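Just below is one structure, and these are the notes that go with it.
The values are calculated or read from the model by the stated rules, or taken from the named source; none is laboratory data. Values in this document were obtained by computation on a predicted structure and should not be read as measured data. For neighbour counting, all protein chains shown are included, and Cβ atoms are generated from backbone atoms with ideal geometry for every residue, glycine included.
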Amino acid sequence: MNRFPCSILLLAGGRGQRMGGHDKGLVQWQGQPLITHAVQVVRPFTDDLIISCNRNRERYAALADQWVSDGNDDFEGPLAGIRAGLAAARHAHLLVLPCDVPQIDAALIARLLDTAAQHPARPVMVRQGEQWEPLLCVIPVQHRSVFDTAWENGERSPRKVMLELNAQACECAENDPRLLNVNTPDLLK
């Protein structure tokens, strides 16, 4: 299944503010932690599965080939985790996926990777209509220094950094159920 070698980063390092402070990746959805759903979908695509987490490292480490921390207890956002993933990646491309999209499927992962293979020097982001989804992306690791420089200059938006790198869209329907972001307790039901 791994037609396009890549490292895969699952983002699970957030504060979980909308989940009452709970570690979102470990919150149960349909009988399993959210992170487990993501691992099951992406595992066949990589031999370098990375989880970005800032707490409960032992639980996450058992699910991945490596774990990274953004080195920041202030939970400064997903760009911090992406930078840590880019630094740890063992392949030339890093596919990024948040832990809270449990309906994502292998077909969408394959489309992202196919698009990245067609545009190997550019970041690829999912786009729904005019809405970019910067946490569903593939980033060429060669752009790591661009992300680091943006961070050092105060930028915290992965979308802005990737658009400056002329990101390629991987188009999805505007209400694609695979992209449902389960980030509040109401959505767990």
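Things to note:
- Selection from region 148-170 of residues that are of a type outside the set (S, T, N, Q), under 17 Å from Pro120 (Cα atoms) and in contact with a strand residue (DSSP E or B) (Cβ under 8 Å, 6 or more places away or on another chain): Met162, Leu163, Ala167, Ala169, Cys170
- Just one residue in the set Gly20, Gly14 is under 19 Å from Cys137 (Cβ atoms) and at pLDDT below 90; that residue is Gly14.
- Residues of region 151-167 that are in contact (Cβ under 8 Å) with a residue 40 or more places away in the chain and either among the β-branched types (Val, Ile, Thr) or part of a helix (DSSP H, G or I) (or both): Trp151, Pro158, Val161.
- Number of the condition not met by Ala117 [criteria: (1) farther than 24 Å from Arg156 by Cβ; (2) in contact with a Pro (Cβ under 7 Å, 6 or more places away or on another chain); (3) not acidic (Asp, Glu)]: (2)
Each row is one residue, and each column tells you yes or no for (1) at pLDDT below 95; (2) touching a helix residue (DSSP H, G or I) at 6+ places or on another chain (Cβ under 9 Å).
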{"residue": "Arg57", "(1), (2)": "yes, no"}
{"residue": "Val68", "(1), (2)": "yes, yes"}
{"residue": "Pro78", "(1), (2)": "yes, yes"}
{"residue": "Ala87", "(1), (2)": "no, yes"}
{"residue": "His91", "(1), (2)": "no, yes"}
{"residue": "Leu113", "(1), (2)": "no, yes"}
{"residue": "Val124", "(1), (2)": "no, yes"}
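- Qualifying positions in region 28-46 - out of contact with any strand residue (DSSP E or B) (no Cβ under 9 Å at 6 or more places or on another chain) and under 17 Å from Cys6 (Cβ atoms): Pro44
- Those residues of region 141-150 which are surrounded by 13 or more Cβ atoms within 10 Å (Cβ to Cβ) and either assigned to a strand (DSSP E or B) or of a type in the set (S, T, N, Q) (or both), in sequence order: none
- Scanning region 90-107 for residues being within 13 Å of the chain's Cα centre (by Cα) and under 23 Å from Met162 (Cα atoms) gives a total of 10.
- Here Cys170 passes the criteria (1) surrounded by fewer than 20 Cβ atoms within 10 Å (Cβ to Cβ); (2) in a strand (DSSP E or B) except the one numbered (1).
Here's the yes/no breakdown for (1) surrounded by 16 or more Cβ atoms within 10 Å (Cβ to Cβ); (2) under 16 Å from Val41 (Cβ atoms):
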| site | (1), (2) |
| --- | --- |
| Gly77 | yes, no |
| Ala89 | yes, no |
| Leu95 | yes, yes |
| Asp105 | no, yes |
| Gln118 | no, no |
| Ile139 | yes, no |
